[in-house]
Amino acid sequence: MALLEFIDLGGYRCLSVEQCREAGRKLAEAYRLNDPFPHIIIDELFDPELLRRVVDEFPDNAQRPCFLRDQERLKFQIRPDECSGAVTRALFAELNATAFLAFLSEMTGIEGLIADPYFAGAGLHETKKGGHLSIHADFPCHEAMRLDRRLNLLIYLNDDWEEGFGGALELWDRKMQCRRKSISPSMARAVIFSTERDTFHGHPEPLACPEGRSRRSIATYYYTAPVVSGAPIGRTTDFRPRPGSADKRDWRVMLHHLKADWVPPVLQRWLNG
């Protein structure tokens with residue numbers, strides 16, 4: 001049985017605020033105490049049959065551009081407004097609505113969560129055979145809304161996913177010394193985790209799935225208003241190599257972060273206009 005059930009309002013299905021609050025409260029302690037950083041793994045957060053309808057509506061990416069750099073390869077992302085499926089768009093609307101925000105807030109203890117109507121970097125994700133996403137900490141600020149990123153939600157859409165296909169989500173310790181969790185991207189499995197400068201994660205090994213298969217997921221991100229006024233520090237996605245691996249560091253990002261960390265904030269605000 002799914003953790004969160006939808007209520008049918010005669011054509012539109014939505015989540016209940018009270019049900020979401022109660023479910024979030026029950027998971028709060030487990031979420032906050034999990035290692036290597038606050039997170040939770042939930043099998044069947046939503047009904048798998050609902051998610052299979054999202055799979056049926058999944059857009060064809062044959063003509064879309066994808067990421068092709070060393071740190072992020074053969075990955076596609078599609079915003080909800082680029083999807084024609086009614087079930088898909090309604091689900092994303094509920095992931096950004098009051099009830100689901102209440103679930104997240106009760107579970108994480110983060111008040112004032114703000115959903116992203118622009119879906120920056122979020123939406124439907126797909127990685128093809130041979131693709132990967134290197135270990136990284138996510139971009140910390142929403143440029144358009146000037147908000148601090150606080151939470152990631154990933155929901156996997158892969159029926160009959162075998163271990164040999166690869167694609168497991170890896171959670172690494174905050175010092176990037178070792179992998180602490182490996183999470184298979186199986187159908188209806190959700191992973192929710194806090195995002196900070198050292199919450200490192202990814203699926204770094206090239207996918208070994210058969211031709212015609214891919215790693216699919218839903219991704220949404222959640223924010224809060226910054227505590228300090230002024231322009232946010234200009235950091236971006238921070239990829240990190242695993243010890244003893246052939247992973248490549250993005251030196252342009254390193255130089256960008258050196259500037260962000262060492263140039264005084266007052267000068268950064270002046271440079272950013």
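The values are calculated or read from the model by the stated rules, or taken from the named source; none is laboratory data. The model shown is predicted, which means the values in this text are computed figures rather than measured ones. Ideal geometry is used to build each Cβ from the backbone, glycine not excepted, and the neighbour counts take in all protein chains shown. Heads up: the accessible areas ignore ligands, DNA and RNA and are worked out on the full protein's heavy atoms, side chains in. Shrake-Rupley method; radii C 1.70, N 1.55, O 1.52, S 1.80 Å.
Could you work out which residue, out of Asn96, Asn158, Asn61, moves most in a Gaussian network model of the chain, that is, has the largest mean-square fluctuation with Cα springs under 10 Å?
Asn61
Between segment 163-182 and segment 46-97, how far is it from one alpha carbon centroid to the other, in angstrom?
Segment 163-182 and segment 46-97 have Cα centres spaced 24 Å from each other.
How much net charge surrounds Pro59 when only other residues with a Cβ under 10 Å from its Cβ are counted (Lys, Arg +1; Asp, Glu -1)?
Value of the local net charge: -3.
What is the diffusion coefficient of the chain in µm²/s, taking the Kirkwood radius over Cα pairs and the Stokes-Einstein relation at 37 °C with a viscosity of 0.692 mPa s?
168 µm²/s
Quick check for me: using +1 on Lys/Arg Cβ and -1 on Asp/Glu Cβ, what's the dipole size of segment 99-207 about its Cα centre, in debye to the nearest 20?
Dipole magnitude for segment 99-207 comes out near 280 debye.
Determine the calculated [θ] at 222 nm for the chain from helices alone, applying -39500 (n - 2.57) to every DSSP H run no shorter than 4 residues and normalising by the residue count; nearest 500 deg cm²/dmol.
-7500 deg cm²/dmol
Taking the Cβ of Met107 as the center, what net charge do the other residues with Cβ under 14 Å away carry, scoring Lys and Arg +1 and Asp and Glu -1? Spell out each step's value before the answer.
On the way: positive: Arg21, Arg25, Lys26, Arg32, Arg150; negative: Glu22, Glu29, Glu106, Glu111.
The answer is +1.
Hey, which of these cross-link pairs are over 31 Å Cα-Cα: Lys129/Lys248; Lys26/Lys75; Lys26/Lys181; Lys26/Lys129; Lys129/Lys259; Lys26/Lys259? Numbers along the way, then the final one.
Values: Lys129/Lys248 20 Å; Lys26/Lys75 35 Å; Lys26/Lys181 22 Å; Lys26/Lys129 38 Å; Lys129/Lys259 36 Å; Lys26/Lys259 42 Å.
Exceeds cut-off: Lys26/Lys75; Lys26/Lys129; Lys129/Lys259; Lys26/Lys259.
For segment 1-54, with every protein chain kept in place, what is the accessible area per residue (1.4 Å probe, Å²)?
Ligands and nucleic acids excluded, the result is 57 Å² per residue.
Starting from segment 137-229, pick out the trypsin sites (Lys or Arg not before Pro) whose DSSP state is loop and whose Cβ has at most 15 other Cβ atoms within 10 Å.
Arg146, Arg174, Lys175, Arg197
Let's test the formula: R0 of 35 Å, r as the Cβ-Cβ distance of His256 and Arg32. What FRET efficiency results, to the nearest 0.05?
The computed FRET efficiency comes out at 0.65.
Highest GNM mean-square fluctuation, the chain, Cα pairs closer than 10 Å: which of Ser84, Ser217, Ser134?
Its mean-square fluctuation being the largest, the pick is Ser84.
Can you give the local net charge around Pro206? Use residues other than it whose beta-carbon is closer than 9 angstrom to its beta-carbon, Lys and Arg +1, Asp and Glu -1. Mind dumping the intermediate values first?
On the way: positive: Arg73, Lys129; negative: Glu205.
For residues surrounding Pro206, the net value is +1.
If one computes P(r) from the Cα atoms of segment 120-273, what percent of pairs lie at distances over 21 Å?
Percentage above 21 Å: 50.
Given labels modelled 7 Å from the Cα in the Cβ direction, how far is it in nm from Arg13 to Arg89?
Spacing of the two 7 Å Cα→Cβ label points: 1.7 nm.
Quick check on segment 33-86: what does the Kirkwood estimate of hydrodynamic radius come out to from the alpha carbon pairs, in Å?
14.3 Å
Please check which bits of segment 81-106 a label hung off Gln63 would reach, taking the label as a point 7 Å along Cα-to-C-beta and the cut-off as backbone N under 17 Å.
So the set is 82-85.
Among the GluC sites (Glu not before Pro) in segment 154-184, which ones are in a DSSP loop with at most 15 other Cβ atoms within 10 Å of the Cβ? Mind listing them?
Values: sites: Glu162, Glu163, Glu170; in loops: Glu162.
Listed in order of number, the matching sites are Glu162.
Quick one: pull the percent of accessible area on the chain belonging to carbon and sulfur, 1.4 Å probe, ligands and nucleic acids left out. It would help to have the intermediate numbers written out before the result.
Details: 6960 of 13530 Å².
Answer for the chain is 51 percent, counting heavy atoms of protein chains only.
Could you work out how far the C-alpha centroid of segment 184-205 sits from that of segment 9-38, in angstrom?
What the calculation gives is 17 Å, centre to centre.
log10 I(q)/I(0), Debye, Cα-only segment 128-215, no solvent, q = 0.18, 0.23 Å⁻¹?
These q points yield log10 I(q)/I(0) values of -0.84, -1.15.
Apply the Karplus parameterisation 6.51 cos²θ - 1.76 cosθ + 1.60, with θ equal to phi minus 60°, to every residue of segment 30-44 and state each ³J(HN,Hα) to the nearest whole Hz, in sequence, with x for glycine and proline.
Values per residue, Gly and Pro as x: 4, 4, 6, 9, 5, 10, x, 8, x, 6, 8, 10, 10, 7, 6 Hz.
At 1.4 Å probe size, with every protein chain present, just tell me what the per residue accessible area of segment 140-215 comes to in Å².
Per residue, segment 140-215 has 43 Å² of solvent-accessible surface.
Quick one: if you take sqrt(5λ) for each eigenvalue of the C-alpha gyration tensor of segment 1-122, what semi-axes come out, biggest first, whole angstrom?
Numbers: eigenvalues 142, 87, 36 Å².
Here the semi-axes work out to 27, 21, 13 Å.
With unit charges on the beta carbon (Lys/Arg positive, Asp/Glu negative), name the residue among Leu74, Leu51, Asn34 whose Cα is farthest towards the positive pole of the charge dipole of segment 33-75.
Positive-end residue among those listed: Leu74.
Top mean-square fluctuation among Leu255, Leu104, Leu74, Gaussian network model of the chain, C-alpha springs under 10 Å?
Fluctuation is largest for Leu255.
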